[in-house]
Amino acid sequence: MAESGARKRRSRTVPLSAYVLDDQVGFILRQVGQRHAIIFGARMGDDLTSTQWAALAKLAEKGPCSQNLLGRHTAMDAATIKGVVDRLVKRALVETSPDPEDGRRLVVGLTAAGAELAERLAPTALAITEETLTPLDTAERAQLLSLLQRLK
């Protein structure tokens, strides 16, 4: 039986000297992510994590939605979005209620305080993106974002 292409690629022997960690996309993306996280932490304030901000920003953009859909909109798994929502509920930034069409589903929406905070912090979030992309010119920024979209 013939091996699949993926299995053949994995089974090839590559000398360790051909692998340079600093040239690997995952390593570079992790470094960029760490740099962005440092910028985010320094500028965002209000004790918001990046996942909490993502949930607030997406709710401000889309309006109330199920917790499950909010997780999909923000690229968080079910356990992560549940924890994020629970912490935002404790801070009175979001509220939850049973879905009138499906009582098993939880609908999440911004409170007045959450909407005000999202509105107030949106310029800061834009400044964080700007600072993260500072080393790039306008054309490079557009190209990077386009390429990253393709890799999702």
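For the subset of the stretch 132-152 comprising residues that are of a type in the set (Ser, Thr, Tyr) and open to solvent by 80 Å² or more (accessible area, probe 1.4 Å), which member is farthest from the chain's Cα centre (by Cα)? Quick ask: steps written out before the conclusion?
Initial filter on the stretch 132-152 (of a type in the set (Ser, Thr, Tyr)): 132, 134, 138, 146.
Restricting the remaining residues to those that are open to solvent by 80 Å² or more (accessible area, probe 1.4 Å) gives 134, 138.
On the way: THR134: 20, THR138: 23 Å.
My answer is THR138.
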Every residue in the stretch 99-152 that is under 22 Å from LYS62 (Cβ atoms), small (Gly, Ala, Ser) and in a helix (DSSP H, G or I), please. ALA112, ALA113, GLY114, ALA115, ALA118, ALA122, ALA125
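I'd like the full set of residues that are free of Cβ contacts under 8 Å to residues at least 60 places away in the same chain and open to solvent by less than 20 Å² (accessible area, probe 1.4 Å), limited to the stretch 100-125. Before you say what the answer is, go through the steps one by one.
Pass one, the stretch 100-125, residues free of Cβ contacts under 8 Å to residues at least 60 places away in the same chain: 100-116, 119-120, 123.
Residues satisfying the conditions are VAL108, GLY109, GLY114.
Of all residues in the stretch 31-70 being of a type in the set (D, E, K, R) and part of a helix (DSSP H, G or I), which is farthest from ASP99 (Cα to Cα)?
Residues of the stretch 31-70 of a type in the set (D, E, K, R): 35, 43, 46-47, 58, 61-62.
Checking the rest, the ones that are also part of a helix (DSSP H, G or I) come to 35, 43, 58, 61-62.
Working: ARG35: 39, ARG43: 36, LYS58: 19, GLU61: 20, LYS62: 16 Å.
If we take residues in the stretch 31-70 being of a type in the set (D, E, K, R) and part of a helix (DSSP H, G or I), then ARG35 is farthest from ASP99 (Cα to Cα).
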Applying the selection to the stretch 71-90, what residues are open to solvent by 60 Å² or more (accessible area, probe 1.4 Å), hydrophobic (A, V, I, L, M, F, W, C) and outside any helix (DSSP H, G or I)? ALA75
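The values are calculated or read from the model by the stated rules, or taken from the named source; none is laboratory data. This structure is a prediction, so every number in the text was calculated from the model and none was measured. Counting neighbours? That spans all protein chains shown, and the Cβs are built from the backbone with ideal geometry, glycine included. The protein model used for the area step is the full one, side chains on, heavy atoms only, and it has no ligands, DNA or RNA in it. Shrake-Rupley method; radii C 1.70, N 1.55, O 1.52, S 1.80 Å.
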